[in-house]
Structure formats: C-alpha cells, structure tokens
Amino acid sequence: MGEIINVKEIVSRKKENLKLEIEELKSKGIIPKLVVILANNEDASRVYVSKKRKLCKELGILEEEYIFDETVKEQEIEDLLEKLNNDILVHGILVQLPLFKHLDSKKILETISPKKDVDGFHPVNIGKLMQGTGSIVPCTPKGIMTILNEVQPNIEGKEAVVVGRSLIVGRPMSALFLNKGATVTTCHSKTKNLKDHTSKADILVVATGVAHLITEDMVKEGSIVIDVGINRLDGKLIGDVDTENVVKRAKYVTPVPGGVGLTTVYTLMENLVELAKSLALK
Ligand code: NAD
C-alpha cells in the first residue's frame, strides 16, 4: 500500500521560505506585483483568479486585476499589456486563459514581455525551457517538480511517462523531465495501447481531463503517480487517476483536490518573485 502525498504540507513549508525571500526584496524597496487580466465568462477562471489573489495577499504580494467583458477589442488588451510591460512597478503579468473567442490568445500572450511572463507561456521562455536554460517555466509542471523533489529528488535514468501533450502541462512537463535526465515518453489521445506505456513508468504524470482514465492495472508497482486532472462528477472534484485503487500498487500518488492545484498556484508566486528579483538587477 502506497502513500497519498501531503501536498498541502509541502506547499505550506515552501510558502514560509518564499515569505522570507519577499521580506528580503521589500527591505530593498521592491514589492513584487502581479497583474491579472481576465477576459472570459468562465466561472472556473474566476475561481482560479481568486485563489491566486488570495495567495498574493497572504504572501504580501501586490496584485491588480483588469476584467474585460465581451465587447473588448484585441487592441485594448494589447495597449494595456504594452503599458504594463513598461511599468517598472509591475513584475508579472498573467492573462487568464481561455480568452473570449474573438481574441487571438497566441498574439496576446506574445505581447507580454518575456521578462514579465509569470506563466512561462511566451515562446522565448518556452524556447529557453527546451534549451534547459530557463527558470520561468509553466507553473503546473514546475510545481510537479517541486513535489517530486520531496519524494524522488534524483530522476536521472528513470522512466517518466507523461499522458497529455498540452502547451501548459504535458509538453513542458516532458521537457523538464528530459532536462533532468529521465527517459521520457509522451502519450496523448492518438497513442495506441496506453497501458503498455503507463505500466513501465517509474514516474507517471497524467493531464488529460478524462476522469479516472488511469486504473490500478495501468501503473507499475512502486511507481510515483502525479494526477493533474480536474474533473467534476456529481458535484465532486475528481482527478484523471483512480487514486483509491492506484495507491494500492504505486508508492506515491497525489490527491485531487488538494494536490497539483496547490503547487500550481504556489509556483506562480515563485515565478513572480524570481521575475521581481531579476528585474531588480537591471
Ligand atoms: P488539454 O485538453 O489541453 O489536453 C489534454 C491532453 O490529454 C491532450 O494532449 C490529449 O491528447 C490528451 N488526452 C485526452 N484524452 C486522452 C486519452 N483518452 N488518452 C491519452 N491522452 C488523452 O488539457 P490540459 O490543459 O493539459 O489539462 C488537462 C487536465 O488537467 C484538465 O483536467 C485540467 O483541468 C487539468 N489541469 C489542472 C491544473 C492544476 O493546476 N491542477 C493545471 C492545468 C490543467
């Protein structure tokens, strides 16, 4: 019988360290500031944004929010981004996805300065991740590395299998694993015989949005299983992993809720502090 990783405990410990770093920045006259732009009608986005803002408050980070309705023109958002790019008191800019359909997300994300790209979605930061030289990395996969660091710090030579190839989770996750010397397999909706891949994984990360896709028979004995999925079933939140049964065979499994979601929000703050530090050096 394996263990459900106590992600909440990991995050509260990390938060204490981050608070000290923020104090140090403040003693130098720098107060990290995050600006969030919301241009959609999704309830889930509002929940995420309120979680991010709450953590900013808890850590003593300044935050500001711009909310647009459906009449917003792309140019308005781009003008705002240019203004924020040039505002020396702003360290991180986050455009909450998805955006209203008439807006070009790719173009908007590329308007954010890579130096203020707190989500790590700008092509320059993605490019650096591929080179293994970047530190501003998308929050979900970077947060997963924080969790793994607690239970399996050295992943060199391990079989890492990522299910999902999205730009925000699967792809950057695979790149991070590769950078750390793991042998990486990326699976997706077109993968044949998924179980053949997942069952050889020492580390399995699942980010598909398919409730309970991964069952006990699909995981390797003694493996680490990271569940990224968030699915709503009968008013309950469940992951992409059948945790209750998978934990009988795996060594460690992350819970949903109270798992990767917590590190994602925390890592955003880590990225912001890092950006504030590097902008302060300029
Ligand atoms: P996405 O829809 O962009 O990508 C899903 C990926 O899963 C695709 O690459 C697709 O090919 C793959 N996939 C779908 N069905 C599959 C199947 N049957 N077998 C194998 N692969 C399959 O989603 P995303 O943005 O990467 O998010 C994935 C899930 O993670 C969602 O539930 C989302 O809500 C959740 N999520 C959680 C966090 C967090 O912080 N906890 C962050 C981001 C996303």
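The values are calculated or read from the model by the stated rules, or taken from the named source; none is laboratory data. Just so it is clear, the model here is predicted, and its values are computed rather than measured. Don't worry about glycine lacking a Cβ; one is built from the backbone with ideal geometry, like all the others, and counts go over all protein chains shown. Protein only, heavy atoms only, side chains kept; ligands, DNA and RNA dropped before computing areas. Shrake-Rupley method; radii C 1.70, N 1.55, O 1.52, S 1.80 Å.
What residue among 200, 158, 28 shows peak mean-square fluctuation when the chain is described by a Gaussian network model with Cα springs under 10 Å?
28
Return the carbon/sulfur percentage of the accessible area of the range 177-253, one whole number, probe 1.4 Å, all protein chains in place. Each step should come with its number before you reach the end.
Values: 1880 of 3890 Å².
Percent of accessible area from carbon and sulfur atoms in the range 177-253: 48.
Using alpha carbons only, what's the Rg to Rh ratio of the chain with Rh from Kirkwood?
0.97
If the elastic network links every pair of Cα atoms under 10 Å, which of 227, 43, 117 fluctuates the most in the Gaussian network model of the chain?
Checking each option, the largest mean-square fluctuation is seen for 43.
Restricting the calculation to Cα positions, tell me the Rg (one decimal) and the Dmax (whole number) of the range 182-282 in Å.
16.2, 53
Compute the accessible area per residue over the chain, keeping the other protein chains in place, probe 1.4 Å, unit Å².
Value returned for the chain: 49 Å² of accessible area per residue.
Considering only DSSP beta bridges whose two residues both sit in the chain, what percent are antiparallel, to the nearest 5?
10 percent
At R0 = 25 Å, how high is the FRET efficiency between residue 190 and residue 167 if r is their beta carbon distance? Nearest 0.05 is fine.
It comes to 0.90.
Report, please, the projected area of the range 144-236 averaged over directions, based on the convex hull of its C-alpha atoms, in nm².
6.3 nm²
Which pairs, out of 73/116; 128/236; 51/180; 19/248; 116/236, put more than 27 Å between their alpha-carbon atoms?
Beyond 27 Å between Cα atoms: 128/236; 51/180; 19/248; 116/236.
Please compute one quarter of the surface area of the Cα convex hull for the range 15-72 and express it in square nanometres. Could you put the intermediate results ahead of the total?
Numbers: hull surface 17.6 nm².
About 4.4 nm², averaged over all directions.
So which GluC sites (Glu not before Pro) in the range 59-111 pass both tests, a DSSP loop state and at most 16 other Cβ atoms within 10 Å of the Cβ?
Values: sites: 63, 64, 65, 70, 74, 76, 78, 82, 110; in loops: 70.
Taking the range 59-111 and a limit of 16 other Cβ atoms within 10 Å, the loop GluC sites (Glu not before Pro) found are 70.
Compute the Kirkwood hydrodynamic radius of the range 29-116, taking the inverse of the mean of 1/r over all pairs of distinct Cα atoms, and give it in Å to one decimal.
Mean inverse Cα-Cα distance, inverted, gives 13.4 Å.
Anyone know which of 21, 58, 221 comes out most mobile in the 10 Å Cα GNM of the chain?
Greatest mean-square fluctuation among the candidates belongs to 58.
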